[in-house]
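Student: A single structure is presented below for examination.
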Amino acid sequence: HELKTPLTAIRGYAEGLGEGAFEAEEAARTIATEAGRLDRLVRDLLDLARMNRSEFSVRSEPVDLAEVVREAVRRHEPTARELGVELTAQGVEAWVEGDADRVLQIASNLIENALRETPAGGSVSVSAGAGALVVADTGPGIPAADLPHAFERFYLYDKIGRDRLVGSGLGLAIVRQLATAMGGEVQVQ
């Protein structure tokens, strides 16, 4: 259903546009949104496929978590403004061993989730401290019973996706696999 839903919407709006059933601006907006969802899903699937192959590797180099936090927040500021969510970066120099690109990918996935789940007027803060990168938001949160499964593929999508907009269902699984590959861990509260 993750592939079918956006494809159905794209096909339906394209056909409707051709038949004059939709305004061009409305159809373009919906098609672009659904194409974005497909793009995100394909990227997530490719990441997971790479991780499951034996040649997948992560570098081990000094990484300043505070710099990763600042860069990740810079990348997501336009989306936060568009959603009406305050996005802030905090933290001082905090060095760890890891793969800078993959740590940035982890931060980005977590920020994307937080922004998607935080209502307009809310806030998302991203901070770095002694060996930890923390993303916190003022969204509704994950039900306590679902917390132990939050990083399983499609779990939250299947549980929460019916009630509110969620991503591809793979982002948090990718976060966990990347963190583990670098010798770290990930937790949710």
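The values are calculated or read from the model by the stated rules, or taken from the named source; none is laboratory data. The shown structure was predicted, so the numbers you read here are calculated from the model rather than taken from an experiment. Here Cβ is always computed from backbone atoms with ideal geometry, including for glycine, and neighbour counts include all displayed protein chains. Heavy atoms of the whole protein, side chains included, go into the accessibility calculation; ligands, DNA and RNA do not. Shrake-Rupley method; radii C 1.70, N 1.55, O 1.52, S 1.80 Å.
Student: Within the stretch 112-133, can you find the residues that are farther than 16 Å from PRO78 by Cα and of a type in the set (Gly, Ala, Ser)?
Tutor: Listed by number, the residues that qualify are SER127, ALA128, GLY129, ALA130, GLY131, ALA132.
Student: Any idea how many residues of the stretch 86-97 are touching a strand residue (DSSP E or B) at 6+ places or on another chain (Cβ under 6 Å) and either within 19 Å of GLY171 (Cα to Cα) or of a type in the set (Val, Ile, Thr) (or both)?
Tutor: 2
Student: Determine if the stretch 115-129 includes at least one residue that is at pLDDT below 90, crowded, with 16+ Cβ neighbours inside 10 Å and part of a helix (DSSP H, G or I).
Tutor: Yes, the conditions are met somewhere in the stretch 115-129.
Student: What's the total number of residues in the stretch 93-119 that are under 20 Å from ARG81 (Cβ atoms) and over 10 Å from the mean Cα position of the chain (by Cα)?
Tutor: The total comes to 3.
Student: Is it the case that some residue within the stretch 43-63 is of a type in the set (A, V, I, L, M, F, W, C), out of contact with any helix residue (DSSP H, G or I) (no Cβ under 8 Å at 6 or more places or on another chain) and open to solvent by 70 Å² or more (accessible area, probe 1.4 Å)?
Tutor: Yes, the stretch 43-63 has at least one match.
Student: Please state which of the following conditions LEU165 fails to meet, knowing it meets all the rest: (1) over 28 Å from SER57 (Cβ atoms); (2) buried (at least 17 other Cβ atoms within 10 Å of the Cβ); (3) at pLDDT below 90.
Tutor: If we test LEU165 against (1) over 28 Å from SER57 (Cβ atoms); (2) buried (at least 17 other Cβ atoms within 10 Å of the Cβ); (3) at pLDDT below 90, just (2) comes out false.
Student: Additional query: Taking the stated definitions as given, is ARG70 open to solvent by 60 Å² or more (accessible area, probe 1.4 Å), in a helix (DSSP H, G or I) and touching a residue at least 12 places away in the same chain (Cβ under 8 Å)?
Tutor: Judged against the criteria, ARG70 is a match.
Student: Has the stretch 76-92 got any residue that is farther than 17 Å from GLN177 by Cα, basic (Lys, Arg) and surrounded by fewer than 17 Cβ atoms within 10 Å (Cβ to Cβ)?
Tutor: yes
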